[in-house]
Every structure is written in structure tokens, then in C-alpha cells.
1. Treating only the Cβ atoms of Lys and Arg (+1) and Asp and Glu (-1) as charged, compute the dipole magnitude of region 209-349 about its Cα centre; round to the nearest 20 debye.
2. First select every other residue whose beta carbon is under 11 angstrom from the beta carbon of T419; then total the charges, Lys and Arg +1, Asp and Glu -1.
3. Taking 1 over the mean of 1/r across every pair of different Cα atoms in region 159-340, what Kirkwood radius in Å do you get?
4. ³J(HN,Hα) across region 352-359 via Karplus (A = 6.51, B = -1.76, C = 1.60, θ = phi - 60°), whole Hz, x for Gly/Pro?
5. Within region 190-206, what residues put their amide N at less than 13 Å from the label point 7 Å along the Cα-to-Cβ vector of I296?
6. Explain nothing, just the number: dipole magnitude of the chain about its Cα centre with +1 on each Lys and Arg Cβ and -1 on each Asp and Glu Cβ, in debye rounded to the nearest 20.
7. Over the Cα atoms of the chain, how large are the radius of gyration and the largest Cα-Cα distance (Dmax), in Å?
8. Considering amide H positions built from the backbone, and no H for Pro or chain starts, which residues 5 or more places from E29, or on another chain, come under 5 Å of its amide H?
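Only the coordinates and a few stated rules stand behind these numbers; no lab work does. It should be emphasised that the depicted structure is a prediction, and the values quoted were computed from it without experimental measurement. FYI the Cβ positions are ideal-geometry reconstructions off the backbone, even for glycines, and counts take in every protein chain you see.
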Amino acid sequence: MAANSMFAVGFVLALFSLSLSTASAGIVETSFHVKNLTVNRLCKNQVITAVNGSLPGPTLKVKEGDAVIVHVFNKSPYNLTIHWHGVFQKLSQWADGPEFVTQCPIRPGGKYTYRFNLTGQVGTLWWHAHSSVLRATVYGAIVIRPRDGHKYPFIKPYREDTIMLGEWWNANPIDITKAALANGTAPAISDAFTINGWPGDMFNSCRPSNIYKLDVVPGKTYLLRIINAALDNQFFFKIANHNLTVVGVDAAYTNPYETDVVVLGPGQTTDVLLTANQSPGLYYMAAHPYVSAAGILFNGNTTTAILAYPQKKKKTTKTTPILPVLPAFNDTPTAFTFSSNLTGLVTSPFWSPVPRTVDENMLVTIGLGLSACGGSNQTVCGGIFNQRMAASMNNHSFALPTSMSILEAFFRNVSGVYTADFPDQPPLVFDYTNTSNSFNPGLLMTPKRTSVKKVKFNSTVQVVFQNTALVGIENHPMHLHGFNFYVLAQGFGNYNPATDSKKFNLVNPQERNTIGVPVGGWAVIRFRANNPGVWFIHCHLDVHLPWGLATAFLVENGGTPESTLPPPPADFPKCSS
Ligand code: C2O
């Protein structure tokens, strides 16, 4: 099977006869059949859950402004939801997907049709399961091109290609996670990293041809859409001997940024231009982890794919591709330089100026902790101090509801499902990033809560994410559903409002949906809450999500039809099985 086969999405073009409008919008309609698939990786056959028989799943290709309809058939043995990571979901939050936040799962044998518009964003997003850790194998790209009559704000690429970074276990990741959660510990680390589903030459695959290969024509410029779909790893990504120009992140245009290395946390996408300007030959694209936390176990191997220039004929000697030298695993300065130097493109048709006044000003600590081992008879768990590993925001360790989604409870006015008391400030002021506090028993324990932050429609929300040193400092990729936010500033240590607010970029900050908050540091984001619904905000490292590194913004209706969430669709999954 060709490693680079893209699975075309059923595409129906429907020209809406909008009076006096030059815009034409299409409808992209497709079906996702989610079921068992046996694949061979690392010399072993493994049964995985996959969409339409492929890993990664099908690429959803749309033009900006299109309506998307995806019929999801759950033929897998697991509860399932699909999240369209980064899609604004304007007035369509019933299609957002996080299990028990917006919807109850599609039960095995069930189906649900996700309907939403892809408006106001161009570039690369992706979709993934948002139930348990199913997203390990249930994921794919979303490619959004400019609508007819519009262009990219950069040189027209000769070809485009998608590079999806993933993670692979020689076991069922769901079983691994269940066992870890029962014991209160971290799940076993993965056995490989992948590019477009294949580990590449540095891992033993027993099948040497199973590596992703991109053939390039000398002199041509390519648009590469790089996506980090891994569960628990941030990556450094490089292509040997080639420079890259970043032109977009998270489906928002950036000013061109020249680099030889790209850093991506799970959930993030980076669009780069690559010019095939090197001498004919083979070059590895390579990625390995960026590990910001000290003393943790990780897989230090490198996943590879091949960038191939046409070879001279009659070549008998086998060429070995050139391998790039990746930064050291703990090279935080390189990660920070990349992440903090990106700026937004204010001439983009989708740019709107940064709101200058703030209605909701929050300081939110993010980090690890412990929760009581608890359980019926269980008094000894596998975490630190025999407790359960946990994580929290402002010391609330988020627990998903189990009976009904938060969105439904909000919509139907059902009480007892969530509380709207998520705090604007940490409950306790301490030296957040001081590692001598890491195992302070007076600071480590965090209570389980299903608490959300309620905000008025159209209010401007600013959040200072402050990493804590509890258990250990670490870079957390924080993802907000439904909105892009501006990243105003980031830095190390404890945020100081007096001096650090002077560093805000209010002119052309990068706009994105996922930000890696610097290890032992802080990041300030701002967004306008102009879409009613319950928007999950969480760490995109899957190990930290069930531990509770999450909360949600409940954005109230605005009082007009254009600012009111319509009722759920008729086929919305029922919560009772
Ligand atoms: Cu990409 Cu809530 O997730």
C-alpha cells in the first residue's frame, strides 16, 4: 500500500444562490466507519480502532466557508466521540465532541452525524476521538484551503503534503490507561513514534519499505502541514539540510518565520514552506521528543520519513538518507525561541485586532498533584505517597460528569451535573515554580471537582497560565475548544503582573488554539467569548487529562438569535445506554 495515499473525501459542491453574494460555499459530506483494523507495526500484528480502515484516518479536505457533514458509525467495541480540533463551531457546539462535556458517547453500534461550518480559518487542523485514549489511533487531518477567488498570503506552493506525528503502543492503549488509572499511576510509555502512521527506519519494523516518503521536484516549493497527534509527547521536527518557513499555526496565518527546527506540542499544527533546493539525494524528516520534565521515563528514539529527490538512473549503490541533528531532548531554550518568536499576520482576512479591555481576568495555576487514593477498600495507590497521581487548574482537579454532558445540563437547566464556581485565582498564593515545594504535603493534595467558569456572551477573557512545581515543573500544551486565543506573552518563573504585562504583544501576537506553557513558567492568553456553549480547556497531554488538568468556559447566550445556541440535533446521542 502506498504510504502516502490520501483518502479522498466525498465531495459534493453545492452552489448556494446567495443574492448579491460573490461567495460560493460547498458541502463536504463523508462517512467515518470506526471499527477494528489489524495492522503490522514493529514486527507485530496489532488490532486497533481505526476510521475507514486506515491509520491515520481520512483527511477531511475543505475550502474555507464549506459546510461539513460527517456521518460517524461506531462499529468499534468502545464508546466514541469525535472532536474537530480547532474548529470554531459557531452555534454548532453539539458537534464539538468532547465526551461528557458537550455530548454523551456514541455507543457501540450507534451513529451520530456531526454538522458544522468551517468558516473564518484557513490552514491545518485535525480531528480525533475525544473519549478515553481512543485518539491514539482514531485521528486524521483537516486541510482547509482558501475559498474560490481567495489565495494564500504566500507563494503558491507547487504541492501540499500532510505530516502527522503520532505515537504507537505494542498493546491496546485503552487497556494500558485503564490499568494505570485504577492504580493511580502514569500509563506505560509508548513503543514508537510515527510519521503518517509509520515509525520509520530507526525502529525495527521488519519491513524496510514501510516508511513515509515524499518525492520532491528540485526547485519547487512545498507546503507541509505538520500536525502533532501524539498522546503524550511534544516533538522537535527537522528535515536534514533544509530550512523551513513557518506561515501558519493552528489554522491561523503567521508572519513568515525562518527556522530549521519546528516544535509542536500535542494538538498543535504548523504549516511550513519547504523549497527543494538541495542536491539530489535522500533526506530524512525526523522527530523526537522535547521532554521538559526532569527525571521522567520517555522513549528517546527518532521517527523518520524520507524526502526524496529524483535519483540518477542506473544507481546500484544503496543511498542512505542524511539524518538531521535534532536538539537535545531537554533543549528548552530552542523550544522557547521557536514558540515565542511566532507572530500573527495582521493583513490576514481573518485577523481581528486584540481586544484592549478585559472583562474576566484570571490567574490559573496548572500542574500536577495528588488526589486521595480513596475507593471502597483501596488505601494504597501507586502514586507518590501511596496516593493517586492527579493534576489540576487552580487546585480544582477536573472530573467528567457521568450521567449527562455539561452542555446538556446547561441547555436543559439540569442541576447537580456541574458547578459554576471555578475560581479566578489560585486558592493559595505560594512560590509556584519553586521546586523545593515539589513534594510539600501541604500543597500537593487537590480535590476532584466538575467546576466551570461562567462568562457573559462577548466578554473578553484573559488567562495567565502559571505552571506549578508540584511533583515537577513541566511544559503543558493547553488547548481551548472553540476559539483561537492571542498569546500575549510568555516567560519563566512566577508571573509578575507589574513587569510582565509590559511585555504584552497587543499588535500582532500569534493566534492559536493550543499553547505550550513554558516549563516552570507562564503564558498569557486573551480571547473574545463570542460563541455560546461549554468550551473545554485542558492539557493536551493525554496522561494529564484524566488526572484532572481541565476545566471549561461556559459562555452564556447573548439574547439574540445570532447569539443563542440552537437545540441539539434529533440524532444527538442519548446518555442512557
Ligand atoms: Cu484536541 Cu479537547 O482536544
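1. Rounded to the nearest 20 debye, it is 900 debye.
2. Once positives and negatives cancel, what remains is +2.
3. After inverting the pairwise mean of 1/r, the radius is 17.3 Å.
4. 10, x, 5, x, 8, 10, 10, 8
5. Residues 190 qualify, since their backbone N sits under 13 Å from the label point.
6. 1280 debye
7. Values for the chain (Cα only, Rg and Dmax): 22.8, 74 Å.
8. V12, I69
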